[in-house]
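Accompanying notes for the structure given below.
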Amino acid sequence: MARVRVQQEPFDAGREIAELTRGRRDVGAVATFVGMVRDANEGAAVSRMSLEHYPGMTERALEEICAEAAGRWDLLDVRVVHRVGPLEPGDAIVLVAVASAHRGDAFAACEFIMDYLKTRAPFWKKELTPGGERWVEARSSDDEAASRWSGGGRG
């Protein structure tokens, strides 16, 4: 069901959504999230971000997250596209698109996938700021967001 890609090239969210729903008449809702590179983080200007990953391991982690979402909600299809490599402010980093018969399942699964992606997927971010390069640390707010899904419930 899920289609996961990790790539350096930009993606077209509209095209990805069209492919997700092409020929389907059972889709009643598509929920999407597109994450973007900001020009500031933790009080410092950001002129570039670089994302690294562990090929193979990262894709498997994303597929497992999508499978867990499919086990919690009634989903018809899922697409996750995550970029790696050098990115600039305004660039899209990640797309999560979830198709379901009903909006509640689509919204919840999309949020769940993004929360788990932020805490469980092996990506490493480095920012270029006026003070030099720095690794982006995990945020406690991301862990808190993901923790509400623990226990196998629907959130």
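Please treat every number below as a calculation from the coordinates, not as lab data. Only a predicted model underlies this, so the values are computations on that prediction, with no experimental measurement involved. Here the Cβ is made from the backbone with ideal geometry for all residues, glycine too, and neighbour counts use every protein chain on show.
For this structure, a couple of remarks:
- Inter-centroid distance (Cα atoms) of the stretch 11-34 relative to the stretch 42-70, Å: 21
- With helices as the sole contributors, the chain gives -10500 deg cm²/dmol at 222 nm; each DSSP H run of n ≥ 4 counts as -39500 (n - 2.57), and the sum is divided by every residue.
- Principal-axis tilt of helix 57-72 within the chain, Cα atoms, nearest 10 degrees: 40
- Between the helical axis of 103-120 and the longest alpha-carbon principal axis of the chain there is an angle of about 40 degrees.
- Across the stretch 1-116, C-alpha contacts under 8 Å between residues 6 or more apart give a mean separation that, scaled by the residue count, equals a relative contact order of 42 percent.
- Most tightly packed first, judged by the mean number of other beta-carbon atoms within 10 Å of their residues, the peptides 50-61, 7-18 read 50-61, 7-18.
- With contacts taken as Cα pairs under 8 Å and at least 6 residues apart, the stretch 49-154 reaches a relative contact order of 32 percent.
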